[in-house]
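**Q** Sharing a structure here in structure tokens format.
Only the coordinates and a few stated rules stand behind these numbers; no lab work does. Every value quoted in this text rests on a predicted model; they were computed, and no experiment measured them. In this analysis, Cβ positions are derived from the backbone assuming ideal geometry, glycine residues included, and neighbour counts consider all displayed protein chains.
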Amino acid sequence: MKPSPPARYPHRVTWSVFIVLLLFAILFVTGTASELPLTVASHFDAAGQPNAFMSRSGYTRFVLCMVVGLPVIVVIILTTVYSRATDLKLPNSQYWLAPQRLDRTRSFLVAHGVWFGSLLVTLACFVHWLELGANRQQPPHLSSQTFAAVLIAFLIATAAWVAALMFAFRRPVGE
């Protein structure tokens, strides 16, 4: 039985999700910016009290950089590094970096990096959503509990992302 050829466009869903999330993030931020006051409470202390302010346009540019720029830069770096990697610190690296598996390993790592980019887009959108809510109140106030919940959810998702990476590179049974 002949092995099947590699997929022509591996990880199409992974990249599609990332691009759709980026487009959503752009629309979300630009579509909600007008709801913000002219001077936006942009940073809050542990008690939820504002301690830094920005103009609406400055805040919008900054958030667009966070929801689009940062994830895109992370994905570009990970894609560049992983698509050329020949020596990585992976569990069972001799097995996974063997010439017959190297292309698949690289492809998986690139896709895994793109999923992390999607996670960053999602986090940044949630933080913007929290900022919107905080600035609707007079005086502005950020719920520390809600922010902590979002941060904990992100950390759990990141831990799951790392666990999935480690699980993917376990040694196959019988090898």
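**Q** So N51 ticks every box in (1) loosely packed, with under 12 Cβ neighbours inside 10 Å; (2) in a helix (DSSP H, G or I) but one. Which box is left unticked?
**A** All conditions are met except number (2).
**Q** Looking at (1) out of contact with any helix residue (DSSP H, G or I) (no Cβ under 6 Å at 6 or more places or on another chain); (2) assigned to a helix (DSSP H, G or I); (3) within 23 Å of H11 (Cβ to Cβ), can you tell me which one A157 breaks?
**A** For A157, the failing item is (1).
**Q** Separate question: Looking only at residues in segment 28-48 that are over 17 Å from L123 (Cβ atoms) and β-branched (V, I, T), which one is surrounded by the fewest Cβ atoms within 10 Å (Cβ to Cβ)? Spell out the reasoning first.
**A** The first filter runs over segment 28-48 and keeps only residues over 17 Å from L123 (Cβ atoms), leaving 30-31, 33-41, 45-48.
From the residues that got through so far, the ones that are β-branched (V, I, T) too are 30, 39-40.
On the way: T30: 12, T39: 15, V40: 25.
This residue is T30.
This table checks each residue for (1) out of contact with any Lys or Arg (no Cβ under 9 Å at 6 or more places or on another chain); (2) in a helix (DSSP H, G or I); (3) over 30 Å from L36 (Cα atoms); (4) among the basic types (K, R).
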{"residue": "C65", "(1), (2), (3), (4)": "yes, yes, no, no"}
{"residue": "I77", "(1), (2), (3), (4)": "yes, yes, yes, no"}
{"residue": "K89", "(1), (2), (3), (4)": "yes, no, yes, yes"}
{"residue": "Q94", "(1), (2), (3), (4)": "yes, yes, yes, no"}
{"residue": "L109", "(1), (2), (3), (4)": "yes, yes, yes, no"}
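**Q** Going through Q138, Q145 one at a time, which residue ends up being loosely packed, with under 13 Cβ neighbours inside 10 Å and assigned to a helix (DSSP H, G or I)?
**A** Of the residues listed, the single one that is loosely packed, with under 13 Cβ neighbours inside 10 Å and assigned to a helix (DSSP H, G or I) is Q145.
**Q** Is at least one residue of segment 97-107 within 30 Å of T39 (Cα to Cα) and either part of a helix (DSSP H, G or I) or free of Cβ contacts under 8 Å to residues at least 40 places away in the same chain (or both)?
**A** No, that holds for no residue.
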